[in-house]
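A.B. asks: This is the structure I have questions about; it appears just below.
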Amino acid sequence: MCKLFVSADPHLWETRLRSVRLNGFSTSVRLENLYWRVLEEIAGRDGMSVAQLLGRLYEELLEARGEVENFASFLRVCCGRYLMLQLAGEVPNDPAQPIAGLDADAILAREARRLARAQGALMPAA
């Protein structure tokens with residue numbers, strides 16, 4: 001089992017630092033190359049650069065939460081969620097289909113139902 005992960009291209013887990021402008025300030029974000037690849041795919045789906053995507057995610061996160069504690073971790077989770085939602089059939093595999101056109105509220109509702117069913121299945125019988 002582990003060979004699938006251990007024998008992968010080591011370039012995937014090497015980190016790369018990128019400079020970006022977030023909320024009007026220049027900063028740097030360090031992520032593994034695998035995450036940069038996924039972010040490039042996500043950005044490309046909606047005709048954005050990675051820098052534009054990061055700026056938009058940062059602004060929307062700040063608006064929704066009031067603060068941004070660990071942006072690099074948030075980006076890793078975004079990448080994981082993107083891939084999980086693709087596996088669940090919620091995000092089309094076709095990279096030509098924009099994410100902005102998807103019904104986020106409906107996807108989140110279906111995801112919540114799947115999570116509730118999964119948690120119910122894990123609960124021991126009384």
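The values are calculated or read from the model by the stated rules, or taken from the named source; none is laboratory data. Small disclaimer: the values here were computed from a predicted structure and weren't measured. Methodologically, a virtual Cβ is constructed for each residue, glycine included, from the backbone with ideal geometry; neighbour enumeration extends over all protein chains shown. Side chains included, ligands, DNA and RNA excluded: accessible areas come from the protein's heavy atoms. Shrake-Rupley method; radii C 1.70, N 1.55, O 1.52, S 1.80 Å.
A.B. asks: Is the stretch 39-53 home to any residue that is exposed (fewer than 10 other Cβ atoms within 10 Å of the Cβ) and under 26 Å from ASN93 (Cα atoms)? Lay out the reasoning, then the answer.
C.D. replies: First, pick out the residues of the stretch 39-53 that are exposed (fewer than 10 other Cβ atoms within 10 Å of the Cβ): 47.
Right, trim to under 26 Å from ASN93 (Cα atoms) and you get 47.
Within the stretch 39-53 (the criterion being exposed (fewer than 10 other Cβ atoms within 10 Å of the Cβ) and under 26 Å from ASN93 (Cα atoms)), the answer is yes, since at least one residue qualifies.
A.B. asks: Another question, if that's okay. I need the full set of residues from the stretch 1-28 which are touching a Ser or Thr at 6+ places or on another chain (Cβ under 8 Å) and touching a residue at least 12 places away in the same chain (Cβ under 8 Å), in order please. I'd like the intermediate steps shown before the answer.
C.D. replies: The initial filter retains those residues of the stretch 1-28 that are touching a Ser or Thr at 6+ places or on another chain (Cβ under 8 Å), namely 17-21, 26-28.
Matches in the stretch 1-28: LEU17, ARG18, VAL20, ARG21.
A.B. asks: Hey, another quick one. Considering only the stretch 1-33, state which residues are farther than 21 Å from ALA51 by Cβ and open to solvent by less than 90 Å² (accessible area, probe 1.4 Å).
C.D. replies: Restricting attention to the stretch 1-33, the residues satisfying the condition of being farther than 21 Å from ALA51 by Cβ are 1-13.
Correct list: CYS2, SER7, ALA8, ASP9, PRO10, HIS11, LEU12.
A.B. asks: From the set of residues in the stretch 66-80 that are among the aliphatic types (A, V, I, L, M) and part of a helix (DSSP H, G or I), which is farthest from VAL29 (Cα to Cα)?
C.D. replies: VAL77
A.B. asks: LEU83 - would you say it is at pLDDT below 95, part of a helix (DSSP H, G or I) and either in contact with a strand residue (DSSP E or B) (Cβ under 8 Å, 6 or more places away or on another chain) or open to solvent by 30 Å² or more (accessible area, probe 1.4 Å) (or both)?
C.D. replies: Answer is no for this residue.
A.B. asks: If I ask for residues that are among the small types (Gly, Ala, Ser) and more than 15 Å from the chain's Cα centre (by Cα), which ones from the stretch 88-107 would you list?
C.D. replies: Selection gives GLY89, ALA96, GLY101, ALA106.
A.B. asks: Count, please, the residues in the stretch 37-65 that happen to be without any contact (Cβ under 8 Å) to a residue 40 or more places away in the chain and in a helix (DSSP H, G or I).
C.D. replies: Here the count works out to 19.
A.B. asks: Restricting attention to the stretch 86-123, and to residues there that are among the acidic types (Asp, Glu) and either modelled with pLDDT of 95 or more or assigned to a helix (DSSP H, G or I) (or both), which single residue is farthest from GLY47 (Cα to Cα)?
C.D. replies: GLU111
A.B. asks: Restricting to the stretch 54-70, what's the tally of residues that are surrounded by 10 or more Cβ atoms within 10 Å (Cβ to Cβ) and under 22 Å from VAL91 (Cβ atoms)?
C.D. replies: Residues that pass the stated criteria total 8.
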